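**Student:** Quick one: structure below, then a few questions.
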Amino acid sequence: MRKLISSPQTTFGSGEFGPYMESRSDLPDYFRSAKTLENWLVLPHGPIKRRPGFRNILKTSGSVDADSSRFVKFSFNTDQQYILLFSDIELRILRNDVIVDLITSPYTSNHIADIRYTHSGDTIIFTHPEYPVKRLARNGADNVWTFSNITFTELPFYRFNRTVTITPSAVTGTGVTFTASDDYFSAAWVGRKFRINGGTVTVTAYTSATVIEGTIGDVDLTGTDASNAFEEWAWSSSKGYPRTCIFFQDRLVFGGTRALPGIIFGSNVSDYYNFADKVKNATTDVYEVTDSTAYTFNLTSTEQQSIKDLKAQQNLFVFSTEAESVVTGGGDNPITATNVRAATQSTNGINNLPVIDVQGELIFSTRNNKEIRSFVYDYTNDRFNALNKTIFAHHLFVDGKAPIDMAFMRGFKDTQANLLFVVRADGEIAVCTIDQEKNVLGWSRFKTNGLFKRVIVVSADHGDGLKETLYALIERDNGTFLEYLTEEDVFLDCHYVLTSGTAKTNWTGVTGLSGETCSVLADGLVHADTAVNGSGAFELVETAYTVHIGHEYTSLVETQDIVISIENQIKRVDDIRKVRARVELLDTKSLTVDGYPVPLRRLGDDLLDEPLPSFTGLASVTLGGSGYRSPTLTLSVSSPLPCTIASIVTDIKLRDN
């Protein structure tokens with residue numbers, strides 16, 4: 001009789017690997033991974049846990065187009081966090097799953113993806129290259145919000161022109177005429193300022209493309225000579241507005257415009273809306289640059305950089321379409337107008353998604369839309385590196401599966417799992433369990449009977465205190481829904497939870513499932529699939545007090561090819577017969593292996609009409625058949641029941657040779 005050989009897998013901590021890794025049984029991570037991890041969470045301790053379901057909050061109105069909508073998080077404090085849902089010229093504001101206000105938004109659907117923001121207290125600042133910088137203010141209550149343009153004390157100046165000259169008619173006064181050597185002005189110049197011959201001019205009238213009038217400020221011009229060295233406002237409707245913003249070193253810092261894609265602008269210290277680069281010395285009455293005045297500088301590189309995002313830690317980090325850079329004042333010194341150092345660290349470039357801070361790592365999606373990288377300090381080389389987080393999971397973002405949204409959650413449920421959620425263009429979510437301190441990195445994927453479009457993580461209270469919660473905008477056959485990933489053991493998507501003081505069979509109120517055939521848990525028991533009518537009503541076969549109803553989904557695992565150790569060497573063998581699988585389970589109620597149900601009931605369990613008790617321990621299932629099969633295991637759960645897999649041991653037999 002041939003001896004059984006055991007092939008164990010004691011952890012899934014490295015997550016789902018791509019097909020280029022299938023032959024890499026020489027790597028330790030091979031034995032910690034799987035070919036497929038669909039609708040599972042990789043736990044940092046090693047097991048995989050079936051992901052819970054998404055609970056229905058609301059069906060969005062027809063004005064919310066999932067493809068062009070956008071989530072923004074607004075955190076007034078740890079106890080008051082809001083979801084801002086942007087759609088075409090509309091902004092819905094939600095707190096604890098309730099729309100508390102609906103206001104007009106300045107942004108049209110084709111511009112929403114390019115919004116960037118930063119916030120302080122009860123105000124959030126928005127930037128977009130086609131719109132003046134705006135502020136959204138919460139005015140003391142959840143339902144009182146206002147959008148407005150920021151009024152700046154002074155705007156930054158920049159010399160755009162090198163050829164056209166402007167000639168002033170006087171060095172001081174009002175109604176001074178300024179004549180250009182070629183067409184340069186427009187009516188939009190009225191109200192703007194520009195600098196020429198040592199003075200500042202406020203434009204008061206437009207005469208033609210070559211003539212304007214203005215008032216000279218408190219410093220007279222040095223002369224009336226023609227000059228091409230004049231400076232205009234750096235931001236305007238013709239030149240564009242800042243793309244991104246961040247608070248750093250007690251300044252409000254903006255990055256990039258349409259005309260100046262690689263320029264960084266810093267406000268005066270503690271005077272966030274003032275970009276005056278000189279201040280009048282009270283003693284000499286002369287305007288001068290100080291360490292507190294505003295600064296403007298250009299990122300230097302071999303090619304023009306287009307800034308897409310800014311992040312602030314100890315340093316200022318600049319992410320552009322071409323590179324990742326660090327900006328400092330040198331050593332521990334702050335950045336000033338006369339003290340700035342910018343150094344390119346890596347040249348991956350980012351796509352249009354904002355950068356996310358994950359435990360000090362700055363996570364970004366690369367320009368090629370194929371990689372997720374983390375910008376982190378490398379002490380060995382004394383520089384920042386952009387580490388590839390998808391090198392083993394290389395398949396996740398190719399062939400029409402580009403990242404389109406990202407969010408990060410700390411410590412999900414009782415698992416202490418830190419989860420990065422990356423929505424893909426195909427409607428799935430790639431989920432990375434990540435912990436730099438413990439060197440944990442493992443990917444899985446979420447699928448549903450619809451398309452995930454947007455995600456956001458905010459703190460919300462669902463009856464058990466404030467907790468970080470993942471919200472998703474999901475496009476389904478019968479509409480677009482806002483749903484959240486529940487912490488309860490409910491394994492249905494777009495689900496409703498219904499309760500009644502008396503047991504009954506007829507239920508109403510699930511309008512989001514109208515016209516659908518849905519899966520049901522009735523008092524904890526799996527019920528036959530049930531049709532919901534057009535009014536959101538349905539009928540059960542048996543009475544129940546508590547009903548969970550929603551869409552079923554399958555959690556699927558395919559292991560890596562089974563390999564064995566012969567004379568202390570790892571061997572890949574195709575001629576094997578899988579005889580038995582022994583699975584270490586935690587709090588599990590359902591599982592199949594290669595299509596064979598794993599027996600989880602034991603003698604002495606409760607009656608069959610009672611909910612199945614959770615199973616914890618070692619379960620064994622015989623894998624029938626006498627043929628020699630593919631050397632992988634497929635494990636799945638389709639019933640709306642929990643499952644956590646800690647380890648698998650596969651007992652196999654080899655052919656005689």
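The values are calculated or read from the model by the stated rules, or taken from the named source; none is laboratory data. On a predicted model such as this, the values are computed, not experimentally measured, just so you know. Cβ atoms come from the backbone with ideal geometry, glycine included; neighbour counts cover every protein chain shown. All accessible areas refer to the heavy atoms of the entire protein, side chains included, with ligands and DNA or RNA removed. Shrake-Rupley method; radii C 1.70, N 1.55, O 1.52, S 1.80 Å.
**Student:** Could you list, in sequence order, all residues of the range 487-499 that are open to solvent by 30 Å² or more (accessible area, probe 1.4 Å) and either touching a Ser or Thr at 6+ places or on another chain (Cβ under 6 Å) or without any contact (Cβ under 8 Å) to a residue 60 or more places away in the chain (or both)?
**Tutor:** T499
**Student:** So is A276 at pLDDT 95 or above and either touching a Ser or Thr at 6+ places or on another chain (Cβ under 9 Å) or more than 21 Å from S320 (Cα to Cα) (or both) or not?
**Tutor:** yes
**Student:** Among (1) modelled with pLDDT of 95 or more; (2) open to solvent by less than 30 Å² (accessible area, probe 1.4 Å); (3) of a type outside the set (D, E); (4) under 30 Å from G624 (Cα atoms), there is one condition L556 misses while meeting the rest; what is its number?
**Tutor:** Looking at each condition in turn, L556 falls short on (2).
**Student:** Please go through (1) under 30 Å from Q313 (Cα atoms); (2) at pLDDT below 95 for Y241 and return the number of the only condition it doesn't satisfy.
**Tutor:** (2)
**Student:** Given the residues D426, D464, which is the only one that is out of contact with any strand residue (DSSP E or B) (no Cβ under 7 Å at 6 or more places or on another chain), acidic (D, E) and closer than 19 Å to I372 by Cβ?
**Tutor:** Answer to the selection: D426.
**Student:** Just to check your reading of the model, which residue among T163, T151, T174, T146 is assigned to a strand (DSSP E or B), farther than 17 Å from I246 by Cα and open to solvent by 40 Å² or more (accessible area, probe 1.4 Å)?
**Tutor:** Just one listed residue meets the conditions, T146.
**Student:** Next up: From (1) touching a Ser or Thr at 6+ places or on another chain (Cβ under 9 Å); (2) surrounded by 14 or more Cβ atoms within 10 Å (Cβ to Cβ), pick out the condition that doesn't hold for S25.
**Tutor:** S25 satisfies all of (1) touching a Ser or Thr at 6+ places or on another chain (Cβ under 9 Å); (2) surrounded by 14 or more Cβ atoms within 10 Å (Cβ to Cβ) except (1).
**Student:** If I filter the range 325-335 down to residues being touching a residue at least 40 places away in the same chain (Cβ under 8 Å) and either of a type in the set (G, A, S) or closer than 13 Å to I264 by Cβ (or both), which single residue comes out as surrounded by the fewest Cβ atoms within 10 Å (Cβ to Cβ)?
**Tutor:** Result: V326.
**Student:** Considering the range 230-250 alone, what residues qualify as being open to solvent by 30 Å² or more (accessible area, probe 1.4 Å), assigned to a loop (DSSP other than H, G, I, E, B) and not polar (S, T, N, Q)? Outline the logic, then answer.
**Tutor:** Going residue by residue through the range 230-250, those that are open to solvent by 30 Å² or more (accessible area, probe 1.4 Å) are 231, 233, 237-239, 241, 243, 247, 249-250.
With the extra rule that they be assigned to a loop (DSSP other than H, G, I, E, B), the set shrinks to 237-239, 241, 243, 249-250.
Across the range 230-250, the qualifying residues are K239, Y241, R243, D250.
**Student:** Taking K3, is it on the phi < 0 side of the Ramachandran plot, surrounded by fewer than 21 Cβ atoms within 10 Å (Cβ to Cβ) and at pLDDT 95 or above?
**Tutor:** no
**Student:** Cβ-Cβ distance below 8 Å, separation of 6 or more or different chains: which pairs start in the range 385-399 with a residue that is buried (at least 16 other Cβ atoms within 10 Å of the Cβ) and hydroxyl-bearing (S, T, Y) and end on one that is assigned to a loop (DSSP other than H, G, I, E, B) and modelled with pLDDT of 95 or more?
**Tutor:** That search, which allows pairs on different chains as well, returns T390/K370; T390/E371; T390/L396; T390/F397.
**Student:** Give the residue that is farthest from the chain's Cα centre (by Cα), with candidates limited to residues of the range 458-506 that are of a type in the set (V, I, T) and assigned to a strand (DSSP E or B). It would help to see each step written out before you state the result.
**Tutor:** Filtering the range 458-506 for residues of a type in the set (V, I, T) gives 458, 469, 474, 480, 486, 490, 497, 499, 502, 505.
Next, from what is left, pick out any that are assigned to a strand (DSSP E or B): 458, 469, 474, 480, 497, 499, 502, 505.
Numbers: V458: 12, T469: 13, I474: 15, T480: 19, V497: 28, T499: 35, T502: 43, T505: 42 Å.
If we take residues in the range 458-506 being of a type in the set (V, I, T) and assigned to a strand (DSSP E or B), then T502 is farthest from the chain's Cα centre (by Cα).
**Student:** Looking at V455 and the list (1) touching a Pro at 6+ places or on another chain (Cβ under 7 Å); (2) closer than 30 Å to S68 by Cβ, which single condition is not satisfied?
**Tutor:** Failing condition for V455: (1).
**Student:** Quickly run through the range 32-50 and pick out the residues that are over 22 Å from Q436 (Cβ atoms) and surrounded by fewer than 19 Cβ atoms within 10 Å (Cβ to Cβ).
**Tutor:** If the condition is that a residue be over 22 Å from Q436 (Cβ atoms) and surrounded by fewer than 19 Cβ atoms within 10 Å (Cβ to Cβ), then K35, T36 are the ones that fit.
**Student:** Take the residues in the range 397-425 that are part of a strand (DSSP E or B) and small (G, A, S), then tell me which one is modelled with the highest pLDDT.
**Tutor:** So the residue we want is A407.
**Student:** For the range 75-92, enumerate the residues that are of a type in the set (F, W, Y) and touching an Asp or Glu at 6+ places or on another chain (Cβ under 9 Å).
**Tutor:** F76, Y82, listed by residue number.
**Student:** Residue pairs, Cβ under 8 Å, 6 or more apart or interchain, first in the range 163-188 and over 11 Å from T210 (Cβ atoms) and without any contact (Cβ under 8 Å) to a residue 24 or more places away in the chain, second open to solvent by 50 Å² or more (accessible area, probe 1.4 Å) and aromatic (F, W, Y). List them.
**Tutor:** Within 8 Å, the pairs are A187/Y206.
**Student:** Of all residues in the range 357-378, which are open to solvent by 30 Å² or more (accessible area, probe 1.4 Å) and in contact (Cβ under 8 Å) with a residue 40 or more places away in the chain?
**Tutor:** Initially, the range 357-378 is screened for residues open to solvent by 30 Å² or more (accessible area, probe 1.4 Å), giving 357, 359-360, 367-371, 373, 377-378.
Across the range 357-378, the qualifying residues are D357, Q359, G360, R367.
**Student:** From (1) over 18 Å from H128 (Cβ atoms); (2) assigned to a strand (DSSP E or B); (3) β-branched (V, I, T), pick out the condition that doesn't hold for V253.
**Tutor:** (1)
**Student:** Additional query: Is it true that S620 is open to solvent by 50 Å² or more (accessible area, probe 1.4 Å), modelled with pLDDT of 95 or more, farther than 20 Å from G13 by Cβ and not in a loop (DSSP other than H, G, I, E, B)?
**Tutor:** For S620, the condition - open to solvent by 50 Å² or more (accessible area, probe 1.4 Å), modelled with pLDDT of 95 or more, farther than 20 Å from G13 by Cβ and not in a loop (DSSP other than H, G, I, E, B) - is met.
**Student:** Please specify each residue of the range 216-229 satisfying the condition of being among the aliphatic types (A, V, I, L, M), modelled with pLDDT of 95 or more and open to solvent by 40 Å² or more (accessible area, probe 1.4 Å).
**Tutor:** Once the filter is applied, which keeps residues that are among the aliphatic types (A, V, I, L, M), modelled with pLDDT of 95 or more and open to solvent by 40 Å² or more (accessible area, probe 1.4 Å), the range 216-229 yields A226, A229.
**Student:** Also: In the range 187-206, is there at least one residue being open to solvent by 10 Å² or more (accessible area, probe 1.4 Å), more than 30 Å from R135 (Cβ to Cβ) and touching a strand residue (DSSP E or B) at 6+ places or on another chain (Cβ under 7 Å)?
**Tutor:** Checked against the condition, which is being open to solvent by 10 Å² or more (accessible area, probe 1.4 Å), more than 30 Å from R135 (Cβ to Cβ) and touching a strand residue (DSSP E or B) at 6+ places or on another chain (Cβ under 7 Å), the range 187-206 yields at least one hit.
**Student:** Let me ask something else about it. Which of the following residues is buried (at least 18 other Cβ atoms within 10 Å of the Cβ), modelled with pLDDT under 95 and farther than 22 Å from T36 by Cα: L633, L612, L603? It would help to see each step written out before you state the result.
**Tutor:** Values: L633 fails: farther than 22 Å from T36 by Cα; L603 fails: buried (at least 18 other Cβ atoms within 10 Å of the Cβ).
After applying the criteria, what remains is L612.
**Student:** Which residues, taken from the range 394-441, are in contact with a helix residue (DSSP H, G or I) (Cβ under 8 Å, 6 or more places away or on another chain) and among the β-branched types (V, I, T)? Give the steps one after another, and end with the answer.
**Tutor:** Filtering the range 394-441 down to residues in contact with a helix residue (DSSP H, G or I) (Cβ under 8 Å, 6 or more places away or on another chain) leaves 394-395.
Scanning the range 394-441 gives no hits.
**Student:** Assuming D529 fulfils every condition listed in (1) assigned to a strand (DSSP E or B); (2) surrounded by 16 or more Cβ atoms within 10 Å (Cβ to Cβ) apart from one, which condition is it?
**Tutor:** (2)
**Student:** I would also like to ask the following. Can you pull out every residue in the range 271-319 that is of a type in the set (S, T, N, Q) and either touching a His at 6+ places or on another chain (Cβ under 7 Å) or closer than 12 Å to V253 by Cα (or both)? Talk me through it step by step, then tell me what you get.
**Tutor:** Looking only at the range 271-319, we keep the residues that are of a type in the set (S, T, N, Q), and these are 274, 281, 283-284, 290, 292-293, 296, 298, 300-302, 304-306, 313-315.
Answer for the range 271-319, where residues must be of a type in the set (S, T, N, Q) and either touching a His at 6+ places or on another chain (Cβ under 7 Å) or closer than 12 Å to V253 by Cα (or both): N274, T296.
**Student:** Continuing with the same structure: Looking at the structure I just gave you, is A425 open to solvent by 10 Å² or more (accessible area, probe 1.4 Å), out of contact with any Pro (no Cβ under 7 Å at 6 or more places or on another chain) and under 28 Å from I115 (Cα atoms)? Can you show your working first?
**Tutor:** Numbers: open to solvent by 10 Å² or more (accessible area, probe 1.4 Å): yes; out of contact with any Pro (no Cβ under 7 Å at 6 or more places or on another chain): yes; under 28 Å from I115 (Cα atoms): yes.
When the stated conditions are applied, A425 passes them.
**Student:** When you go through T543, T469 one by one, which is the residue that is open to solvent by 30 Å² or more (accessible area, probe 1.4 Å) and of a type outside the set (F, W, Y)?
**Tutor:** Answer to the check: T543.
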